[in-house]
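Right, one structure below, let's go through it.
The values are calculated or read from the model by the stated rules, or taken from the named source; none is laboratory data. Bear in mind the structure is a predicted one, so any value in this text is a computation, not a measurement. No Cβ is skipped: glycine too gets one built from the backbone with ideal geometry, and neighbour counts run over all protein chains shown.
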Amino acid sequence: MSESNTRVVVAMSGGVDSSVAAALLVERGYDVLGMMMRLWSDEALGGPAHNRCCTPEQMSDARRIADQLGIPFYVLDSKDVFRNRVVQYFIDGHRDGFTPNPCLQCNRHIRFDWLLKNALALDADYLATGHYARIDQDRSGKYRLRGGVDIDKDQSYVLSVMGQSQLARTMFPVGEFSKQEVRALAKKFGLNVEGKKDSQDLCFLGGKDYRDFLRLHAPDLMQPGPIVRKNGELLGEHQGLSNYTIGQRRGLGLSYDVPLYVLEMNPADNLLVVGTGEELGRDDLLADSVNWVGGEAPARPFRARVKIRYKARAQPAMLEPRGEDQIYVRFDLPQRDITPGQAAVIYDGDVCLGGGVIRKFEEMERARGRSETELICN
């Protein structure tokens, strides 16, 4: 199929990455359409009544760039599906004592399901986005998800939810470039977006603190409770478990002879457990809801590198698959910031093999015991 006969819908945001992605595809001769999602925002927070990803300014920029490139531009109303699948996931995760990552949920259910289906409904062959990642095929023809050339901008971590059917219909045109090169391309194409800053916060918060959002939508999460050491020593009172995260030091309101950090949160008893830096961290984790990019779990334990946060470096570990959707990870060295609700994403070199959601510490303890028992028996 030639480029001119290949239709690509570009997910446009008015930012530099998606704008350059669209321009590159037009330059290469594809039949390109632009599409922007109108997402849910929380007007009750008192800030702008628009999701950061689709403000009137962003919408205007995306439409202007589409006109400049000579491509059709569509706006897809995605408010309800985004509220139900992403925002509610964020609230429910905090209620269950996790620190959830809604960006992975958005990629799983919104961008590469809802948006992809709407793109295909327009007779598109592919959906393209401005993510810094790459797609290729191995010798058997299976699609591989690889990190972007720009290591500092690599977004394969949040794309680890993708599978073969999504990768077969997706393009990442800027994945072969550094951010600096992408800005230079924007200038070359005359798009007038090369100076736009990258966004950092969750899009539906409208620039507000996530704690304010939770106070409004889940006030039950802000119930005070005890702050304790692992041995049960009572140190003070917290202001709601959702105000804290694993490894946090500041804002605990404690006076102690050594620095203390958040070790874990116990929503069942509304306890915030703190301890010293020596107590912080562990060398293993259990993840479930695991997505294997290749379509199936490895048959036996294997070595790989695992990221536990978006900006963390992948660390060497031994991995033990537990069925198709669970994995036990034992790191070579203890990791300080293993956080239930975040993703554990698995890499072989720059190839992303998949990832899953980190479980609570008590579940990890049971997994650790099981793993050691199996090793003894074998």
> Restricting region 150-182 to residues that are surrounded by 18 or more Cβ atoms within 10 Å (Cβ to Cβ) and among the aliphatic types (A, V, I, L, M), which is nearest to the chain's Cα centre (by Cα)?
Replying inline: Val158
> Taking Arg146, is it in contact (Cβ under 8 Å) with a residue 40 or more places away in the chain, within 16 Å of the chain's Cα centre (by Cα) and part of a strand (DSSP E or B)?
Replying inline: yes
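Let's see how each residue does on (1) aliphatic (A, V, I, L, M); (2) assigned to a loop (DSSP other than H, G, I, E, B); (3) modelled with pLDDT under 85:
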{"residue": "Ala186", "(1), (2), (3)": "yes, no, no"}
{"residue": "Ser199", "(1), (2), (3)": "no, yes, yes"}
{"residue": "Asp212", "(1), (2), (3)": "no, no, no"}
{"residue": "Gly232", "(1), (2), (3)": "no, yes, no"}
{"residue": "Gly236", "(1), (2), (3)": "no, no, no"}
{"residue": "Gly247", "(1), (2), (3)": "no, yes, no"}
{"residue": "Leu252", "(1), (2), (3)": "yes, yes, no"}
{"residue": "Ser255", "(1), (2), (3)": "no, yes, no"}
{"residue": "Val258", "(1), (2), (3)": "yes, yes, no"}
> Regarding Arg249, is this residue in contact with a Phe, Trp or Tyr (Cβ under 8 Å, 6 or more places away or on another chain) and of a type in the set (D, E, K, R)?
Replying inline: yes
>> I'm trying to understand the selection: among the residues of region 107-130, which are touching a helix residue (DSSP H, G or I) at 6+ places or on another chain (Cβ under 6 Å) and either of a type in the set (Lys, Arg) or assigned to a loop (DSSP other than H, G, I, E, B) (or both)?
In response: Gly130
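Among what's in region 19-41 and is within 30 Å of Leu214 (Cβ to Cβ) and not in a strand (DSSP E or B), pick the residue that is modelled with the lowest pLDDT. Break it down stepwise before answering.
Quick first cut of region 19-41, residues within 30 Å of Leu214 (Cβ to Cβ) only: 36-41.
Still in the list and also not in a strand (DSSP E or B): 39-41.
Working: Leu39: 89, Trp40: 87, Ser41: 79.
Residue satisfying both the conditions and the ranking: Ser41.
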> What residue, among those in region 214-230 that are surrounded by 14 or more Cβ atoms within 10 Å (Cβ to Cβ) and not in a helix (DSSP H, G or I), is modelled with the lowest pLDDT?
Replying inline: Ala218
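For Asp125, indicate whether it is of a type in the set (Asp, Glu) and surrounded by fewer than 20 Cβ atoms within 10 Å (Cβ to Cβ).
Working: of a type in the set (Asp, Glu): yes; surrounded by fewer than 20 Cβ atoms within 10 Å (Cβ to Cβ): yes.
Yes.
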> Restricting the first residue to region 77-94 and requiring it to be under 24 Å from Met12 (Cβ atoms), which pairs with a second residue that is aliphatic (A, V, I, L, M) meet a Cβ separation below 6 Å and a spacing of at least six or different chains?
Replying inline: Ser78/Met37; Ser78/Leu39; Phe82/Leu39; Phe82/Ile110
> What number of residues within region 271-294 satisfy the criterion of being part of a loop (DSSP other than H, G, I, E, B) and either buried (at least 16 other Cβ atoms within 10 Å of the Cβ) or modelled with pLDDT of 95 or more (or both)?
Replying inline: 4
